[in-house]
Each structure stands twice: as structure tokens, then as C-alpha cells.
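**Q** Below you will find the structure I want to go over with you.
Throughout, read-outs are computed from the coordinates displayed, never taken from laboratory work. Quick caveat, the model's predicted, so the values are computed rather than measured. All Cβ positions, glycine included, derive from the backbone under ideal geometry; neighbour counts span all protein chains shown.
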Amino acid sequence: MKEVTRIAAIIIQNKSLLLVKGADKYKEYWTPGGKVKEGESDLDCLQRELSEEINVKVVSSKFFGEYVSPSAYDAGVIYRSRAYLAEIEGKIVPGNEIKGFVWMSRKEFDSNKYPLIPATRDRLVPDLIKKGLF
């Protein structure tokens with residue numbers, strides 16, 4: 001199995017969680033972020049990915065947790081995702097890799113309004129709820 005390190009941004013505003021949806025082959029939403037480049041720190045990756053994906057700047061971040069799970073799209077790939085609570089500035093404008101975004105409320109999560117990748121649906125969001133953040 002190939003392991004890939006991914007940095008994820010947990011962005012919560014007005015009690016809603018920011019989720020993005022990738023290009024055409026992707027059906028589910030996930031937290032913004034992406035793969036760490038060689039020699040890149042987590043925070044440098046977080047800033048680069050949020051700039052590329054949604055055209056915003058990270059103004060603060062705090063480590064939240066690490067999640068290991070199989071890729072929802074690539075057989076034989078395991079993602080090691082390090083998630084950071086992030087504060088951002090700037091207007092969200094999806095980049096080329098992103099088809100769209102939503103601000104998901106707790107009610108929308110509970111009613112399964114948006115399809116989420118399993119790691120977000122089954123682990124990340126429940127952890128946010130347990131810690132009283134969502």
C-alpha cells in the first residue's frame with residue numbers, strides 16, 4: 001500500500017463547516033487541503049493548498065487530529081491526514097481543482113444532505129461534535 005500525507009483545513013464559521021467538491025469524477029465533499037510536497041511543512045502546505053483551491057489566506061491554525069484511512073478514490077492508497085482548525089481571510093473563490101463548495105450546518109450533517117467521503121463523515125465530523133466544535 002502507498003501512503004500519502006494530506007493536510008486538511010477545518011474551517012468553521014457561523015456554526016457551519018466548509019466543504020469542497022473536486023472535479024467531475026468526485027461525487028463527495030471533503031475538507032479543503034491536499035498532499036504535502038517534499039520538504040514542505042504542514043502549515044506551508046495548508047497555506048498553499050487553501051490559496052490554490054479556494055483563494056484564501058490562513059491567518060491562524062491549530063492542530064486538531066490525525067486520521068488514517070483508505071482513499072475513497074484510489075485503490076491501494078492510504079491517506080494519513082493531519083487536520084488543523086483554521087481561520088481564514090479573503091473571499092472564497094474555487095480554483096481549477098474545485099468544482100464547488102458548501103457551508104454545511106450540523107442539521108445538514110445529521111440529515112445527510114451532502115455526500116461526504118467516509119473519513120470526513122465517519123471520523124472527522126463526529127470528533128468535532130464530541131469536542132463541541134460543531
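**Q** Please give the length that would be gained between Asn96 and Ile12 if that part of the chain were fully extended, namely 0.36 nm times their separation in residues minus their C-alpha to C-alpha distance (nm, one decimal).
**A** Details: separation 84, 0.36 × 84 = 30.24 nm, distance 2.30 nm.
The Asn96-Ile12 span can extend by a further 27.9 nm.
**Q** What aspartates and glutamates could a cross-link reach from Lys57, if we take a straight Cα to Cα line under 16 Å and drop same-chain neighbours fewer than 8 places away?
**A** Hits, sequence-local ones excluded: Asp42, Asp44, Glu49, Glu87, Glu89.
**Q** Within a 10 angstrom radius of the beta carbon, how do Trp30, Trp103 rank from fewest other beta carbons to most?
**A** Working: Trp30 21, Trp103 15.
So the residues, fewest neighbours to most, are Trp103, Trp30.
**Q** Rank the residues Thr31, Thr120, Thr5 as a footprinting-exposure proxy: fewest other Cβ atoms within 10 Å of their Cβ go first.
**A** Values: Thr31 24, Thr120 27, Thr5 15.
Ascending Cβ contact count within 10 Å gives the list Thr5, Thr31, Thr120.
**Q** For the chain, count the residues as N, evaluate 2.2 N^0.38 Å, and divide the Cα radius of gyration by that value, please. Numbers along the way, then the final one.
**A** Working: Rg = 13.8 Å, N = 134, 2.2 N^0.38 = 14.1 Å.
Taking the Cα Rg and dividing by 2.2 N^0.38 Å, one obtains 0.97.
**Q** Okay, next question. When the chain is fully extended, how far beyond the present Cα-Cα distance does Glu52 get from Asp127, taking 0.36 nm per residue of separation? Present the calculation step by step, with values, prior to reporting the outcome.
**A** Values: separation 75, 0.36 × 75 = 27.00 nm, distance 2.69 nm.
That works out to 24.3 nm of additional length.
**Q** Give Lys27/Lys107; Lys37/Lys107; Lys2/Lys113 a once-over and call out the pairs whose C-alpha atoms are over 30 Å from each other. Walk me through the numbers on the way to the answer.
**A** Working: Lys27/Lys107 21 Å; Lys37/Lys107 36 Å; Lys2/Lys113 32 Å.
Among Lys27/Lys107; Lys37/Lys107; Lys2/Lys113, the Cα-Cα distance tops 30 Å for Lys37/Lys107; Lys2/Lys113.
**Q** Give, rounded to the nearest 20 debye, the magnitude of the charge dipole that the chain has about its Cα centre when Lys and Arg contribute +1 at Cβ and Asp and Glu contribute -1 at Cβ. Walk me through the intermediate numbers first.
**A** Details: 22 positive and 19 negative charges, 89 e Å.
Computed charge dipole of the chain: roughly 420 debye.
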